[in-house]
1. Could you give the alpha-carbon Rg of the chain over 2.2 N^0.38 Å, rounded to two decimals?
2. Roughly speaking, to the nearest percent, how much of the chain's 1.4 Å accessible area is carbon and sulfur?
3. Report the far tail of the P(r) of segment 37-151, meaning the percent of Cα-Cα pairs longer than 18 Å.
4. Calculate the translational D of segment 140-182 in whole µm² s⁻¹ from Stokes-Einstein, where the hydrodynamic radius comes from the Kirkwood formula applied to all Cα pairs, the temperature is 4 °C and the viscosity 1.567 mPa s.
5. Can you pull the one-decimal nm distance between simple spin-label points at residue 40 and residue 22, each 7 Å off the Cα toward Cβ?
6. Rounded to the nearest whole Å², what accessible area per residue is found for the chain with the 1.4 Å probe?
7. Say the dipole of segment 67-225 comes from +1 at the beta carbon of Lys and Arg and -1 at that of Asp and Glu; which of 135, 160, 111 then lies farthest toward its positive end?
8. Go ahead and estimate [θ] at 222 nm for the chain from helices alone: -39,500 (n - 2.57) per DSSP H run with n ≥ 4, summed, over the residue count, rounded to 500.
Amino acid sequence: MFRLAVLALAALCAGPGIAADVPAIAVAANLNFAMPEIAAAFKQKTGREVKLAFGASGNFSRQIRAGAPFELFLSADEANVKVLADAGRTVDAGRVYAIGRLALFAPSASAVRVDAALDGLAEAILDGRAKRVAIANPELAPYGVAAREALRRKGLWAALQGRIVLGENVNQTAQFALVGGVDAAFIPYSIVVAPGFSGKGRAVVLPESLHDPIVQRMVLVKGAGDTARQLYEFVLGPDARVILERYGFGILGS
């Protein structure tokens, strides 16, 4: 269910800077459910197909800087897009397409009380019920950065050292929560509301005061072809926005 779309870079297209008939699109892992729906709606409207690869935004940024043949990058933050733009690898600075929300999730078997203030998690840390808490790796994933910020602002980061389980990206973090082995996980709300999480535990969206805004920006890579450019515009349009909003994303659009 949470299997990542793993694509061999050599098979994505003929080479860096060469637009493909079916372009490779680098997509932040928190869009694992929303983006396939957007791609399907795009195909229905235009007849054009794309190849979606899901993963950590930090990894994609490094791969694109190294010449990986992606034509469009939908990041879970702005920083990884800025790095590419500053390196001259993109058409421009890109556009904001969504505002993400972070959620705390506890599996059904967990004894951790879930609340937006993280008081239940704090209690479980103190009395030992929260033995393992999963977050995405902050070095790679913007939602991991937001989780670390929330824990620090609540004074819980230091207390959790030795109990944190790092996922390479948010999909792996969500998988940890579903298969067991962790008592709580910080994951995108867009994954919590996906069908696979229904009835699997308890979740709450964290207030934005607990972390910096999760501003998600996308950008066209230099050499992008017409299909990638059309998808870029489609993501900013009304059909895609309906899908993004259904998965809990806020829309800024600038």
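The values are calculated or read from the model by the stated rules, or taken from the named source; none is laboratory data. Owing to the predicted nature of the structure, the values given are computational and were not obtained by experimental measurement. Because the Cβ atoms are built from the backbone with ideal geometry, glycine has one as well, and the counts that use them run over all protein chains shown. In case anyone asks, the SASA skips ligands and DNA or RNA and just uses the protein heavy atoms, side chains included. Shrake-Rupley method; radii C 1.70, N 1.55, O 1.52, S 1.80 Å.
1. Numbers: Rg = 18.2 Å, N = 254, 2.2 N^0.38 = 18.0 Å.
Rg over 2.2 N^0.38 Å, computed on Cα atoms: 1.01.
2. Details: 5500 of 10430 Å².
Percent of accessible area from carbon and sulfur atoms in the chain: 53.
3. Numbers: 4146 of 6555 pairs.
Result for the distance tail: 63 percent.
4. Details: Rh = 11.1 Å.
Using the Kirkwood radius from Cα pairs, D works out to 117 µm²/s.
5. In this crude label model, residue 40 to residue 22 measures out at 1.7 nm.
6. Values: 10430 Å² over 254 residues.
Computed with neighbouring chains in place, this is 41 Å² per residue.
7. Final value for the positive-end residue is 111.
8. Numbers: 11 runs with 92 residues, N = 254.
Result for the chain: -10000 deg cm²/dmol, rounded to the nearest 500.
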